Every structure is written in C-alpha cells, then in structure tokens.
Amino acid sequence: MNIKKEEKCRSQDFQTSQAFVMLCVMTLFLPVIRTSKINIPRLKLPYKELLLSNSCIPFMGSAEGLDFQTLLLDEERGRLLLGAKDHIFLLSLVDLNKNFKKIYWPAAKERVELCKLAGKDAQTECANFIRVLQPYNRTHIYACGTGAFHPICGYIDLGIHKEDVTFKLDTHNLESGRLKCPFDPHQPFASVMTDEYLYAGTASDFLGKDTAFTRSLGPSHDHHYIRTDISEHYWLNGAKFIGTFPIPDTYNPDDDKIYFFFRESSQDGTTSDKTVLSRVGRVCKFSNRGEYGVL
Ligand SMILES: *[C@@H]1O[C@H](CO)[C@@H](O)[C@H](O)[C@H]1NC(C)=O
C-alpha cells in the first residue's frame with residue numbers, strides 16, 4: 001500500500017512549552033477510482049412511489065427557502081433543523097407542517113452585488129446558502145452560510161425548554177465563516193462539531209482551489225484556527241469532501257480522532273492524468289492547552 005503524507009500522531013507526551021496543538025493527518029486507504037466509471041445506485045426510491053406508499057410526509061412551508069443542503073436531527077427533543085437558501089427552518093418531528101419556525105438570514109446586499117459582479121448566478125449562487133448546522137452547546141446551534149461567496153457564521157438560540165423554543169439568530173455576534181464553510185454553495189463540504197470545536201473539510205478561498213482540514217471555535221475563551229499546511233503544491237489536492245466523524249479508537253478520550261472521508265486528484269501523474277483517489281484522513285485531537293501551531 002502506498003502511504004503518503006504520513007505524520008506520526010503524538011499524544012501523551014504533549015508539552016505546553018512547545019506551544020503546539022498538532023493537527024496531523026494520515027492517509028489510510030488508497031483504492032483507485034477512475035472518474036470515467038459510471039455510478040449505478042443499488043437502490044432507487046422514486047418520490048412518487050414514496051408518496052403513494054404513504055411513507056413520506058412532504059414539508060409544505062418552504063416556498064421561500066428552497067435548496068436544502070443541511071439537516072440537523074435532534075431526536076431527543078423531537079425536532080429537525082433544515083438549512084436552506086437564506087432560511088433556516090425548525091420543524092417538529094410529530095408534524096413537520098405544524099407550527100414550524102423559521103429564521104430569515106439573507107446575505108448582505110453589498111455582498112450579493114459583488115457576487116453578481118464576479119460573474120456568479122444571482123439565483124443559484126449569490127445568496128446565503130446554509131451549509132453548517134451543528135449543535136454547539138445545550139442552548140445554541142452553530143450555523144454558517146455561504147453569504148453570497150462571503151461565508152458567515154453565527155449562533156442560534158434554541159432556549160433550554162422543549163416547550164418554549166426561542167429560535168433566534170444572534171445577529172450581534174456574527175463571525176467570518178472562512179475556513180468553516182465553503183464560498184461556493186455547490187462545493188462538496190463536510191463538518192462536525194465535537195467538544196465545541198468545529199472540524200471542517202472545506203475550500204478556504206473564493207475560487208475553491210485551496211482545500212484544507214480546519215479546526216475552529218472551541219470553548220468561548222479560546223477561539224483559534226488551525227488548518228492543514230498551505231504549500232506550493234497544496235497539501236490536499238482539490239479535495240472533494242464527503243463526510244467527517246469523530247471516532248474513538250482507544251479508551252482514552254483525549255486520543256480520539258476525527259476521520260475525514262474525501263476524494264482528491266492524484267498528484268503523482270502529469271496534469272493530463274485524471275486519476276481520482278478515495279481517501280480517509282485522520283486528525284488527532286489533543287488536550288486543549290497552550291497555543292496552536294499548524295503542522
Ligand atoms: C452557549 O453558547 C452561547 C454562544 O457562545 C452562549 O451565549 C450561551 O450562554 C451558551 N450556553 C450555555 C448553556 O453554556
């Protein structure tokens with residue numbers, strides 16, 4: 001097996017004096033997929049058939065905010081958050097269409113104008129497409145949108161009580177969404193929140209060329225970014241992110257890893273070589289002391 005980009009994960013011997021939390025990534029599996037291969041789904045569920053079999057309930061209240069890309073299911077409290085174009089919906093699992101709430105969160109007007117001037121499509125690109133909905137703490141959800149090619153993030157207050165849900169975006173504390181959310185609403189992207197840290201596999205620039213694994217947020221007194229290295233030949237080569245999951249693989253919670261599933265172009269061949277590789281990246285979590293550096 002051809003293993004590249006390997007860095008040893010250091011864990012127990014971490015020292016504060018080194019002022020480092022290391023982000024180390026190891027590529028695990030490298031089966032080769034040819035892009036020309038046609039993917040045939042193993043199972044197909046036509047929408048009409050689902051309706052006829054009474055096994056799906058259409059959500060009717062979304063006329064203004066189509067283009068759903070992000071879901072957050074909170075089974076415990078029986079609710080579902082939906083990220084759409086310029087809107088976030090809060091639905092009850094008991095009846096999706098009854099008493100649902102919504103937040104209208106458009107991109108800033110000047111951003112929409114700039115986005116159009118840059119040659120992007122007014123309808124399908126120059127709006128705030130919600131790409132991140134992650135549980136931050138007991139009361140708040142962290143949300144990010146593309147903001148008409150100028151990503152923005154913020155906290156949504158859901159309150160503590162199930163009966164008395166607030167559902168408000170804290171518009172006074174909006175933050176930049178760069179390195180947390182892609183600029184392009186259609187770019188493949190993956191994120192996960194764990195221990196108040198947001199891990200993302202995302203493009204960090206307008207052109208969507210510089211792809212990286214990033215870590216941001218964290219406990220409120222301690223917000224920092226770390227990301228995989230930028231080099232002449234980007235460390236990740238045009239990665240297309242699929243999903244990311246925290247997976248414990250030892251009994252020590254400090255040693256848990258975040259796994260990123262993605263595809264990227266082969267760096268070995270010439271530019272005409274369009275080989276696409278399936279990859280799994282592993283990012284080590286370390287105890288959150290000291291300052292952060294980038295490995
Ligand atoms: C959750 O995070 C938000 C945003 O930082 C903060 O305002 C709120 O007080 C926190 N809630 C709890 C229960 O810690």
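The values are calculated or read from the model by the stated rules, or taken from the named source; none is laboratory data. Since the model is a prediction, treat every value here as computed from it, not as a measurement. Cβ placement follows ideal geometry from the backbone for every residue including glycine, while neighbour counts extend to all protein chains displayed.
Looking at LEU93, LEU169, LEU71, LEU179, which is the one that is surrounded by fewer than 20 Cβ atoms within 10 Å (Cβ to Cβ) and under 20 Å from SER216 (Cα atoms)? Within the list LEU93, LEU169, LEU71, LEU179, the selection yields LEU169. A search for C-beta distances below 7 Å between a residue of the range 106-122 that is free of Cβ contacts under 8 Å to residues at least 24 places away in the same chain and any residue that is surrounded by 13 or more Cβ atoms within 10 Å (Cβ to Cβ), counting only pairs 6+ apart in sequence or on different chains, returns PRO106/ASP86; PRO106/ALA127; PRO106/ASN128; LYS116/CYS126; ALA122/LYS116.
With respect to PRO219, is the statement that it is within 28 Å of LEU277 (Cβ to Cβ) and not in a strand (DSSP E or B) true?
Criteria not met by PRO219.
One residue alone among ALA127, ALA143 is away from the ligand (no atom under 16 Å from the Cβ) and either assigned to a strand (DSSP E or B) or among the hydrophobic types (A, V, I, L, M, F, W, C) (or both), and that residue is ALA127.
If you filter the range 150-164 down to residues that are β-branched (Val, Ile, Thr) and in a strand (DSSP E or B), you find that the one that is farthest from the ligand (Cβ to nearest atom) is ILE152.
State yes or no: is ASN173 touching a Gly at 6+ places or on another chain (Cβ under 8 Å) and either charged (D, E, K, R) or within 16 Å of the ligand (Cβ to nearest atom) (or both)? Yes; evaluated as a whole, the condition is true for this residue. Of all residues in the range 136-148, those that are within 17 Å of PHE89 (Cα to Cα) have Cβ atoms under 6 Å from Cβ atoms of residues that are within 14 Å of the ligand (Cβ to nearest atom) and among the hydrophobic types (A, V, I, L, M, F, W, C), 6 or more apart or on another chain, in THR139/ILE160; ILE141/ILE156; ALA143/ILE156; CYS144/CYS153. Residues that are modelled with pLDDT under 90, within 20 Å of the chain's Cα centre (by Cα) and on the phi < 0 side of the Ramachandran plot do occur in the range 68-85, at least one of them.
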